[in-house]
1. Quick one: which of B:72, B:97 is more than 7 Å from chain A (Cβ to nearest Cβ) and either surrounded by fewer than 23 Cβ atoms within 10 Å (Cβ to Cβ) or assigned to a helix (DSSP H, G or I) (or both)?
2. Taking the stated definitions as given, is residue B:53 facing another protein chain (nearest Cβ under 10 Å) and either buried (at least 21 other Cβ atoms within 10 Å of the Cβ) or modelled with pLDDT of 95 or more (or both)?
3. Among the numbered criteria (1) away from chain B (no Cβ under 14 Å); (2) outside any loop (DSSP other than H, G, I, E, B), which single criterion is violated by residue A:382?
4. Of everything in the range B:75-90, what is touching a helix residue (DSSP H, G or I) at 6+ places or on another chain (Cβ under 6 Å) and within 7 Å of chain A (Cβ to nearest Cβ)? Give them in sequence order.
5. Given B:102, B:112, which one is at the interface with chain A (Cβ under 7 Å from one of its Cβ atoms), modelled with pLDDT of 95 or more and either buried (at least 24 other Cβ atoms within 10 Å of the Cβ) or under 30 Å from residue A:2 (Cα atoms) (or both)?
6. Before we move on, is residue B:221 over 20 Å from residue B:157 (Cβ atoms), surrounded by 19 or more Cβ atoms within 10 Å (Cβ to Cβ) and either in contact (Cβ under 8 Å) with a residue 24 or more places away in the chain or more than 22 Å from the chain's Cα centre (by Cα) (or both)?
7. For the range B:221-255, name all the residues that are away from chain A (no Cβ under 14 Å) and in a loop (DSSP other than H, G, I, E, B).
8. Pairs only if they're at least six apart or on different chains, beta carbon under 7 angstrom, first in the range B:58-69 and at the interface with chain A (Cβ under 7 Å from one of its Cβ atoms) and in contact (Cβ under 8 Å) with a residue 60 or more places away in the chain, second assigned to a helix (DSSP H, G or I) and crowded, with 21+ Cβ neighbours inside 10 Å; list them, first residue then second.
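The values are calculated or read from the model by the stated rules, or taken from the named source; none is laboratory data. Remember, it's a predicted structure, so these values are computed and weren't measured experimentally. For neighbour counting, all protein chains shown are included, and Cβ atoms are generated from backbone atoms with ideal geometry for every residue, glycine included.
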């Protein structure tokens, strides 16, 4: 581990889907921040710094962090904001605690659905001259990647159906009260194609959601005697090229870069057996499939052979939370994956808790066709000085 | 724990202009990066991570516009994220780059960005969208009217006059005339400032910053990396951030959480940076200051928030020349934000200029003997305050 101070997750809260429309954004952020602090047994007074992530286009506000100032306890405190990805707030928070200059960080990301058209809002991410006329958004770019992948590996269509089915079944167990989407094989395979080859039932409709995590330093954790900690073991993040046309969408080189760094820091050499659970970004099942290779879990030549390993009870259960296939707060799905992995390590994953989780993998991807890639390894074993 | 030392080893900034029709947005970012990499004498392979500095997307008219700059900053397959804290984005980005290194994750980090404020149509229309859509956005709020209210409060509380404000403009334009990168670099007079039209009373046209286009980039490195290669560096010895309320109304009337005249969060942010740098008496320790002040009246907030003068004392001390080049503590020798404002990187330029000053590389606007400099950035609705101490 290269870090000057060790850090761990000591609290989390995921509020998604948020329905009813009766709470303002500030109330939503206040509630999720308070829930994460309560989970950690802390109050705002214990927080040294805050890192938030939000998207101006989805929020309908310029400098969307501004609205969070009061509701996440930012007044009089040190708050930084990243709009590039929800998971980047986690990266920032870890870096700040790892610097030894902060004892605690509150991480918050959110994604509302009030905007008239989410695809139109996301389409603004294209340059105005060459690409904005195209119907390019997160959904269509993911479909382009899916089509490219299926062109290279035709069995990807069949495998994508099985991944969607597994995630839907996992989601029905994890969130029986809210994940009410179809978990029947026929319903998925026969649902209409929205962006070829992605079918309607392979993805979940966007929902409003908010995620918060509390990160603390080793010394703070030791002093407060926290016993439910997901320790950071390794972290990598990287970006693909700016334009889709400059990329081979059947590969994920930025994910490989992020994975190499995270695994090197964590000392992971055999990922398939090193992790007890994994939360893998699943914008569509095709992206999850590609991530298996990028994360070093199995090469595309072995996808069919190994896909059963990722079932509940298998060699490496993947997305026991159901993933974004079941609950999709667009901008903070990446941070949700990290929160879900941390919950598994901390033993707080409720309905989807796996037994004896000592090490978990979280993969977050954001932007057009997984432009931003983040890999986080979390573990139950603290640093030696703490153990 | 001993705080690891982190140094600035490269700086690049554009010659800021009202328009840059010759360069598209990524070109402008690349221009600053190229200058910075030349200054640092590094190749892109040496850069381990990039922090991208960009404030509201709407200013460049592209959602998540940092994605378009990925190749311009050489970030492909590298660690990359963007910071946005409004006007303070630039200094927040330097701080984020600092944490990349202070954490031990990286040894060499590039932070870069650019803006085309002069080409966005109307920045105040964009900036009205920073407020809550229900309560404050329907008001004619822009950053000018917002800070005009702050000026009125400061006038009421401390007796500032419009001539006091004009003195800041004259001083900063005098400084900018010495800086080839400044956007507004024509000298002016109190009469000319006072004769300019009102934009939002008491702020007149000449009390306002311009809308600038240009970029800025910096390379930061760990002390180990700097020592091993025997590089010249300016050390970042203090870093602070602090935030105020979102709603302007919470800074006014009875029961306010903070007085709109005093920028308490800026003061707190500087206190944090000074504490980290071991500075207890800034008026004695600081040799030069690059303080974010897009309107003449806000320079008084900044000077007092930085502890370079007591509350309400800075107008008189400005009149005495204390903050001019040649004075005790020159403030904004580059001409400051009042003369150049490419919002996404303005606060980074403050750090860059302070670093150039303490390394004796500021050229025509060099403050003699400067060894300790400070910088800050203000973002949101005078809400986010980033501060930094740099030393030779």
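1. Values: B:72 fails: either surrounded by fewer than 23 Cβ atoms within 10 Å (Cβ to Cβ) or assigned to a helix (DSSP H, G or I) (or both).
Step by step, each of B:72, B:97 is checked, and only B:97 is more than 7 Å from chain A (Cβ to nearest Cβ) and either surrounded by fewer than 23 Cβ atoms within 10 Å (Cβ to Cβ) or assigned to a helix (DSSP H, G or I) (or both).
2. Numbers: facing another protein chain (nearest Cβ under 10 Å): no; either buried (at least 21 other Cβ atoms within 10 Å of the Cβ) or modelled with pLDDT of 95 or more (or both): yes.
Criteria not met by residue B:53.
3. With (1) away from chain B (no Cβ under 14 Å); (2) outside any loop (DSSP other than H, G, I, E, B) applied to residue A:382, the lone miss is (2).
4. B:77, B:81, B:82, B:83, B:85
5. Working: B:112 fails: at the interface with chain A (Cβ under 7 Å from one of its Cβ atoms).
Unique residue meeting the criteria: B:102.
6. Details: over 20 Å from residue B:157 (Cβ atoms): yes; surrounded by 19 or more Cβ atoms within 10 Å (Cβ to Cβ): yes; either in contact (Cβ under 8 Å) with a residue 24 or more places away in the chain or more than 22 Å from the chain's Cα centre (by Cα) (or both): yes.
Yes, satisfied.
7. Just the residues of the range B:221-255 that are away from chain A (no Cβ under 14 Å), to begin with: B:221, B:226-235, B:252-255.
Across the range B:221-255, the qualifying residues are B:229, B:230, B:231, B:232, B:233, B:252, B:253, B:254, B:255.
8. Final answer for the pair search is B:58/A:56; B:58/B:126.
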